[in-house]
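Trainee: Provided herewith is a single structure, encoded as structure tokens, for subsequent inquiry.
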Amino acid sequence: MKKWKRLSPSQFSWTKPLLRIWFFCLIILAVLCVMLKGRKFLFGMAATLVIGVVCIAAIHLKTGRIRKISNLMENFIRNNSLYQSHDVVKGFFRPREVECMDYYPIVEYKEVMGDNIFCVRIRMDGCLRSEKFRDMEQPLADMFHTVCTDRIEERGYLTYCFELQKQEQIRIKSNKDIPKIEGNTITFSQDIVWNWKKCPHILITGNTGQGKTQLAQYVIFCLVKQGRVIYCDPKGDFEMRQFAVGCNAVYVSEEREIAKAVREIEEEMRKRGKELENIGIKEADFPPLFLIFDEMIAFSKIAEKKTYEETIKRIASIVVMGRSKCVYAGLILQRPDTSFIEGAIRDNLGCRICMGQMSDTAYKMAFGSDFADVKNLRREIGSGLIYRQGVDTKPREFLAPYLEKGALSRE
């Protein structure tokens, strides 16, 4: 992580005079070389040319990105009148107006390469002009031609984090292409990782054809490598049955099987809870147990009302109390309707993913009322938005791994 770099008006204006001096020296040497026909002037011209090119290349490599950011920010500040200045007449032989700054916002910049972000930090100094930056998230993202991944407010500072390079989709042709699974994590992309222990339980929602099933398969495959997975599929999808059995997940689809599996998982959670009480500790490293429930609405159609209500209550219990007992839940829905997932349960789902483009109402139900206006600006299948409690301060762009047909069954 690099240190913060201060951006200031006309920060790199010194490069133009330097370039002019270099050109002037080249012209003088060229004239002397032609007039005096001296070999030493020719050598001097060649040396000046080489030294100049090397210096320009070095300056470009050293300051290229920050110079671009500085120029964009300066234009942004000027175009939005976020500064104050006055002109002063200077010069003896040739008087001219020179701009003097009365107020210029304190803006700093740094890159965090490992997280694929660059951050712009504004000093909130109490000036009304600096206060305007509070509503500049989208204009700044549009100016940098990227997306804002985070907005952080702290004492006296406002920081916007932007995606440094556009996310590229992980393409999986076989098991070997799956990023290394370690430390209770699942890797979705270059800079998005889900730690199911620190950020327990997952919600995957999205319309048909947006990559929801492929993402569910990827998550199940990775979780099987780290614990025991029970996959409840009231739709009875033949392809998902084959997949689950092939990757050693327990597959259930009948009403009684599903109700029994959920009941046994809740009983195991409560058994672990009693063990913790007897020992007198709050958490222990039990073998991880994952319940993945695919489509509540389908279960509501095939199950009796009493069975359905009991099962939903047990799932809610697992979501609320399962973390300390190493029992985790994953819910897959077309729409995160409150009739299937209450707000209190949703708030306990640490990782929430919305695939494709969804309505403001759907985003509100998935992420909460504070994020009802979020948008997914990508259109490819597998794109969406993700929110991880304790990691993200707002939903951010997400790109699920692309699985070629049969990839997870190939070595």
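The values are calculated or read from the model by the stated rules, or taken from the named source; none is laboratory data. Keep in mind the model is a prediction, meaning the values are calculated, not measured. All Cβ positions, glycine included, derive from the backbone under ideal geometry; neighbour counts span all protein chains shown. For accessibility, only protein heavy atoms count, side chains too; no ligands or nucleic acids. Shrake-Rupley method; radii C 1.70, N 1.55, O 1.52, S 1.80 Å.
Trainee: Across segment 147-170, what is the total count of residues that are touching an Asp or Glu at 6+ places or on another chain (Cβ under 8 Å) and of a type outside the set (D, E, K, R)? Before you say what the answer is, go through the steps one by one.
Mentor: Of the residues in segment 147-170, the ones touching an Asp or Glu at 6+ places or on another chain (Cβ under 8 Å) are 147-151, 156, 159-161, 163-164, 167, 169-170.
Checking the rest, the ones that are also of a type outside the set (D, E, K, R) come to 147-149, 156, 159-161, 164, 167, 169-170.
Here the count works out to 11.
Trainee: Would you please name the residue that is farthest from Ile192 (Cα to Cα), looking only at residues in segment 96-108 that are in a strand (DSSP E or B) and open to solvent by 50 Å² or more (accessible area, probe 1.4 Å)? Before you say what the answer is, go through the steps one by one.
Mentor: At the first step, the residues of segment 96-108 found to be in a strand (DSSP E or B) are 96-103, 107-108.
Restricting the remaining residues to those that are open to solvent by 50 Å² or more (accessible area, probe 1.4 Å) gives 96-97, 99, 101-102.
Working: Arg96: 53, Glu97: 51, Glu99: 45, Met101: 42, Asp102: 43 Å.
Here the answer is Arg96.
Trainee: Pairs needed: first member in segment 113-126, free of Cβ contacts under 8 Å to residues at least 40 places away in the same chain and open to solvent by less than 70 Å² (accessible area, probe 1.4 Å); second member anywhere, assigned to a helix (DSSP H, G or I) and of a type in the set (S, T, N, Q); C-beta distance under 7 Å; at least 6 residues apart or different chains.
Mentor: Ile122/Ser130; Met124/Ser130
Trainee: Moving on. Considering segment 121-158 alone, what residues qualify as being part of a loop (DSSP other than H, G, I, E, B), under 17 Å from Asn75 (Cβ atoms) and of a type in the set (A, V, I, L, M)? Before the answer, list the steps.
Mentor: Here is the first cut: in segment 121-158, the residues part of a loop (DSSP other than H, G, I, E, B) are 124-127, 136, 145-147, 155-156.
Okay, now just the ones that are also under 17 Å from Asn75 (Cβ atoms), so 136, 145-146.
Matches in segment 121-158: Met136 only.
Trainee: Inspect all residues belonging to segment 84-92 and state whether any of them is out of contact with any strand residue (DSSP E or B) (no Cβ under 7 Å at 6 or more places or on another chain), in a helix (DSSP H, G or I) and not aromatic (Phe, Trp, Tyr).
Mentor: The answer is no, given that none of the residues of segment 84-92 is out of contact with any strand residue (DSSP E or B) (no Cβ under 7 Å at 6 or more places or on another chain), in a helix (DSSP H, G or I) and not aromatic (Phe, Trp, Tyr).
Trainee: Next up: Only residues that are aliphatic (A, V, I, L, M) and open to solvent by less than 40 Å² (accessible area, probe 1.4 Å): list them for segment 167-205, please. Working first, answer last.
Mentor: We begin by selecting, within segment 167-205, every residue aliphatic (A, V, I, L, M); these are 170, 172, 178, 181, 186, 192-193, 202-204.
Selection gives Ile170, Ile172, Ile178, Ile186, Ile192, Ile202, Leu203, Ile204.
Trainee: To continue, here is another question. Among the listed residues Cys161, Cys199, which satisfies the condition of being hydrophobic (A, V, I, L, M, F, W, C) and assigned to a loop (DSSP other than H, G, I, E, B)? Quick ask: steps written out before the conclusion?
Mentor: Details: Cys161 fails: assigned to a loop (DSSP other than H, G, I, E, B).
Criteria check complete, one pass: Cys199.
Trainee: Quick test of your reading of the structure: Thr208 fulfils all but one of (1) under 23 Å from Lys375 (Cα atoms); (2) touching a residue at least 24 places away in the same chain (Cβ under 8 Å); (3) buried (at least 17 other Cβ atoms within 10 Å of the Cβ); (4) among the hydroxyl-bearing types (Ser, Thr, Tyr). Name the failing condition by number.
Mentor: (3)
Trainee: Moving on. Kindly indicate which of Glu264, Glu257, Glu268, Glu275 is over 21 Å from Thr311 (Cα atoms) and more than 32 Å from the chain's Cα centre (by Cα). Spell out the reasoning first.
Mentor: On the way: Glu264 fails: over 21 Å from Thr311 (Cα atoms); Glu257 fails: over 21 Å from Thr311 (Cα atoms); Glu268 fails: over 21 Å from Thr311 (Cα atoms).
Sole residue among the options that is over 21 Å from Thr311 (Cα atoms) and more than 32 Å from the chain's Cα centre (by Cα): Glu275.
Trainee: Got at least one residue in segment 169-190 being farther than 30 Å from Asp285 by Cα and charged (D, E, K, R)?
Mentor: First, pick out the residues of segment 169-190 that are farther than 30 Å from Asp285 by Cα: 169-174.
Applying the additional criterion that residues be charged (D, E, K, R) yields 171, 173.
For segment 169-190, residues farther than 30 Å from Asp285 by Cα and charged (D, E, K, R): present.
Trainee: Right, here's the next one. Scan segment 127-160 residue by residue and report those that are over 28 Å from Thr187 (Cα atoms), open to solvent by less than 30 Å² (accessible area, probe 1.4 Å) and aliphatic (A, V, I, L, M).
Mentor: Met136, Leu140, Leu158
Trainee: Quick one: would you say Arg346 is open to solvent by 10 Å² or more (accessible area, probe 1.4 Å) and within 14 Å of Gln210 (Cα to Cα)? Outline the logic, then answer.
Mentor: Working: open to solvent by 10 Å² or more (accessible area, probe 1.4 Å): yes; within 14 Å of Gln210 (Cα to Cα): no.
Here the answer is no, as Arg346 does not meet what is asked.
Trainee: Sticking with this structure for a sec: Could you check segment 350-411 for strands (runs of 3 or more DSSP E) lying wholly inside it with 1 or more residues that are of a type in the set (A, V, I, L, M) and either on the phi > 0 side of the Ramachandran plot or free of Cβ contacts under 8 Å to residues at least 40 places away in the same chain (or both)? Spell out how you get there, then give the answer.
Mentor: Working: elements: 351-355, 383-388, 396-399.
Per the criteria, 383-388.
Trainee: Report yes if Glu111 is part of a helix (DSSP H, G or I), of a type in the set (Asp, Glu) and farther than 26 Å from Leu215 by Cβ, otherwise no. Full working, then the answer.
Mentor: Values: part of a helix (DSSP H, G or I): no; of a type in the set (Asp, Glu): yes; farther than 26 Å from Leu215 by Cβ: yes.
In short, no.
Trainee: Let me ask something else about it. Residues of segment 389-411 being touching a strand residue (DSSP E or B) at 6+ places or on another chain (Cβ under 8 Å), of a type outside the set (A, V, I, L, M) and open to solvent by 10 Å² or more (accessible area, probe 1.4 Å), which ones?
Mentor: Those that are touching a strand residue (DSSP E or B) at 6+ places or on another chain (Cβ under 8 Å), of a type outside the set (A, V, I, L, M) and open to solvent by 10 Å² or more (accessible area, probe 1.4 Å): Gln389, Asp392, Thr393, Lys394, Arg396, Glu397, Tyr402, Glu404.
Trainee: What's the total number of residues in segment 199-248 that are within 25 Å of Gly322 (Cβ to Cβ), out of contact with any Pro (no Cβ under 8 Å at 6 or more places or on another chain) and basic (Lys, Arg)?
Mentor: 3
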